[in-house]
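Chemist: Before I ask anything, here is the structure I am working with.
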Amino acid sequence: MVHKNYQKNEIREIIQKENVQFIRLQFSDVFGVIKNVEVPTSQLGKVLANNLMFDGSSIEGFVRIEESDMYLYPDLSTFMIFPWSADEHSGKVARFIADVYTVDRKPFAGDPRSNLKVWLRKMEAQGFKAFNLGTEPEFFLLKMDENGQPRMELNDQGGYFDLAPLDLGENTRREIVLEMEKMGFEVEAAHHEVAPGQHEVDFKYADALEAADNIQTFKLIVKTIARKHGLYATFLPKPLTGINGNGMHVNMSLFNMDGNVFFDEKDEVQLSQTAYHFLGGILEHAAAFTAVTNPTVNSYKRLTPGFEAPVYVAWSGSNRSPMVRVPAARGNSTRLELRSVDPTANPYTAFAMILAAGLDGVQRELTPNHAVDRNIYLMDETERKKAGITDLPDTLLAALDNLEADQLMRDALGKHLYETFEAAKRVEYRSYRQNVSQWELDTYLQQY
């Protein structure tokens, strides 16, 4: 979705012309869950003057009850009308994505979107103009019961690029694409993914802030349209045993005033030294930022060998088994593809950490190990060790321990976001450990 340079008067005119009756101000909590405050258009003046307040103590990880008053500052460039909201009686619904400010009119340190802006300013201070990202979030479509609750039953048995009748989700996927285009997305491709019931819609890259906004909007569209078709869309990394999980590959490139700084036609594979250093930073900090790019217990059910998800810290030009791949395109399309991220990640915090890791590599001139062109899944532990390949964390707990040990990655979140995220995720992991799973009962109950 292209951010537009709307003026306040222009927004007022559109709202009146389109019979918009309600306005949503959306923001994301520490964990990437979309929140919103909805007001009638009679409050538009207050919204545009940055005077809309809300109770921050009601949002997990924000502030204590004694310091609860907070402001929502709408980003005018994110204004849009939900195409599915039109109703002759109640009118249309428009939205802004907002930044969270304290009662003292300062950016709130616990706002993930504001934190990403901090790192984009640091990037600019190092002489770069833009951090462009193209993402590929995958999702499953599940059937729902008569109460509108998801059943763990896939809506089709299709596979990669299958068509109807095997792909029973194509009508839903088509409507998702149409609604996305109405909202300003440039959709590049939409298709059935490898696993039954799994789908992917690819949309055009954008700068980091807009890309994060787009992911949040995309999730909202997918879930809304799926429900219209009697289906439940889930971005859970591994909802079902024995099939591929949902990933969200992140394609990234860094630009300055002259263009893409990752490209160098004189290099053997046409990557610049900046690209190698950025890649070195990604590999150096991968074990730590995985806690944020793969933030649930379920994320580590996806990061296992045998289902195409990367589990090893390595890179390659064409090989898809390492964590980072360098797609074939060159020139201004030169990019690094980080394949480990999953769609439960908060895009604002994930992108901030990836950027911080890469910039650290550039500053310190880190050099990555040689590219790995073999299938890493077929290498034994001795071969991997000889090649300098390490493992990604295999549990959320291990990832949190790695994050705690990496000062730069903690700084990438900032004190407030880090402490809130870390404490909540350790509680989440303890709760998981205390739960007895069906697998344990099936495996052990009759043996012991």
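The values are calculated or read from the model by the stated rules, or taken from the named source; none is laboratory data. Keep in mind that this is a model prediction, so the values were computed, not measured. Every residue, glycine as well, gets a Cβ built from its backbone with ideal geometry; the counts of neighbours run over all protein chains shown. In case anyone asks, the SASA skips ligands and DNA or RNA and just uses the protein heavy atoms, side chains included. Shrake-Rupley method; radii C 1.70, N 1.55, O 1.52, S 1.80 Å.
Chemist: Can you send over the solvent-accessible area of residue 101, 1.4 Å probe, protein chains only, in Å² to the nearest 10?
Modeler: Approximately 50 Å² of residue 101 is accessible to the 1.4 Å probe.
Chemist: Run the 1.4 Å probe and let me know the accessible area of residue 80, rounded to the nearest 10 Å².
Modeler: Accessible surface of residue 80 is approximately 10 Å².
Chemist: Structure shown: which of 4/122; 143/219; 35/122 lie over 20 Å apart, alpha-carbon to alpha-carbon?
Modeler: The answer is 4/122; 35/122.
Chemist: Highest mean first, what order results for 405-415, 287-297, 265-275 on Cβ atoms within 10 Å?
Modeler: The packing order, highest mean first, is 287-297, 405-415, 265-275.
Chemist: Moving on to the next point. In Å², what does the accessible area per residue of the chain work out to with a 1.4 Å probe?
Modeler: 46 Å²
Chemist: When only C-alpha pairs under 8 Å and at least 6 residues apart count, what is the relative contact order of the chain, in percent?
Modeler: Relative contact order here is 14 percent.
Chemist: I've got another one for you. For residue 75, list long-range residues whose amide hydrogen, built 1.01 Å from N in the peptide plane, is under 5 Å from its own amide hydrogen.
Modeler: For residue 75, whose amide H was placed from the backbone, the distant partners under 5 Å are 97, 98, 99.
Chemist: Could you run the Karplus curve 6.51 cos²θ - 1.76 cosθ + 1.60 with θ = phi - 60° over segment 110-121 and give me ³J(HN,Hα) per residue in whole Hz, x for Gly and Pro?
Modeler: So the J values, rounded to whole Hz, are x, 8, x, 5, 5, 5, 4, 4, 4, 6, 5, 5.
Chemist: Any chance you could look up the accessible area of residue 181 with a 1.4 Å probe, heavy atoms only, rounded to 10 Å²?
Modeler: 100 Å²
Chemist: Going by average Cβ density within 10 Å per residue, which order do the peptides 121-131, 334-344 take, highest to lowest?
Modeler: Values: 121-131: 14.8, 334-344: 23.5.
Top of the packing list down: 334-344, 121-131.
Chemist: Obtain the nm distance between the two label points defined at residue 423 and residue 445 by a simple spin-label model: each point lies 7 Å from its Cα along the Cα-to-C-beta direction.
Modeler: Label-label distance for residue 423 and residue 445, simple model: 3.8 nm.
Chemist: If you roll a 1.4 Å probe over the chain with all protein chains in place, what percent of the accessible area is carbon or sulfur?
Modeler: Values: 9860 of 20600 Å².
Of the solvent-accessible surface of the chain, carbon and sulfur hold 48 percent.
Chemist: Just for the chain, what percent of DSSP beta bridges are antiparallel, to the closest 5?
Modeler: Counting DSSP beta bridges with both partners in the chain, the antiparallel share is about 85 percent.
Chemist: Is the shape of segment 283-436 best called rounded, prolate or oblate, per the rule: a/c under 1.5 gives rounded, else a/b larger than b/c gives prolate, else oblate, with a ≥ b ≥ c the square roots of the Cα gyration tensor eigenvalues?
Modeler: Here segment 283-436 falls in the oblate category.
Chemist: Taking amide hydrogens as modeled 1.01 Å from N in the peptide plane, which residues meet the under 5 Å criterion relative to residue 314, leaving out close sequence neighbours?
Modeler: 323, 324
Chemist: Let me ask you something else. Would you work out the relative contact order for segment 315-418, in percent, from Cα pairs under 8 angstrom that are 6 or more residues apart?
Modeler: On the way: 81 pairs, mean separation 26.9, N = 104.
In percent, rounded to a whole number, it is 26.
Chemist: If each residue of separation counts as 0.36 nm, what is the full-extension length gain between residue 408 and residue 382 once their alpha-carbon separation is subtracted?
Modeler: Working: separation 26, 0.36 × 26 = 9.36 nm, distance 3.03 nm.
Contour length minus Cα-Cα distance gives 6.3 nm.
Chemist: Taking only DSSP H segments of four or more residues, each worth -39500 (n - 2.57), what value at 222 nm results for the chain once the sum is divided by all its residues, to the nearest 500 deg cm²/dmol? Mind dumping the intermediate values first?
Modeler: Details: 13 runs with 154 residues, N = 448.
Taking each H run of at least 4 residues, the total per residue is -10500 deg cm²/dmol.
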